[in-house]
Amino acid sequence: VEKKAVVELKWKPKLRETCFAPYFEFPKFITKQGLWGINWYNIEYYNKGWVFRTKEECEAYCKRLNQAIMEVKP
């Protein structure tokens, strides 16, 4: 029996497609909506895995980022 790896294809927005990304607004990350290729989103965010299709996905990610901040806060 041959085993094959499961490969997850990363969603990539099309030009002017609505997407969401974490944005640091002191003292925490918030969800920001924009249009791919038009707003402040860029390929660097995409390569980090910080571009999301839905607001709910991004909010969940922001929650994890904010929890990490609280863990290291003096």
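Some notes on this structure:
- Of the candidates 36, 40, the single residue that is modelled with pLDDT under 90 and open to solvent by less than 100 Å² (accessible area, probe 1.4 Å) is 40.
- Residues being touching a strand residue (DSSP E or B) at 6+ places or on another chain (Cβ under 9 Å) and surrounded by fewer than 16 Cβ atoms within 10 Å (Cβ to Cβ) - total across the stretch 46-55: 3
The values are calculated or read from the model by the stated rules, or taken from the named source; none is laboratory data. The structure displayed is predicted, hence computed values, not measured ones. Counting neighbours? That spans all protein chains shown, and the Cβs are built from the backbone with ideal geometry, glycine included. Heads up: the accessible areas ignore ligands, DNA and RNA and are worked out on the full protein's heavy atoms, side chains in. Shrake-Rupley method; radii C 1.70, N 1.55, O 1.52, S 1.80 Å.
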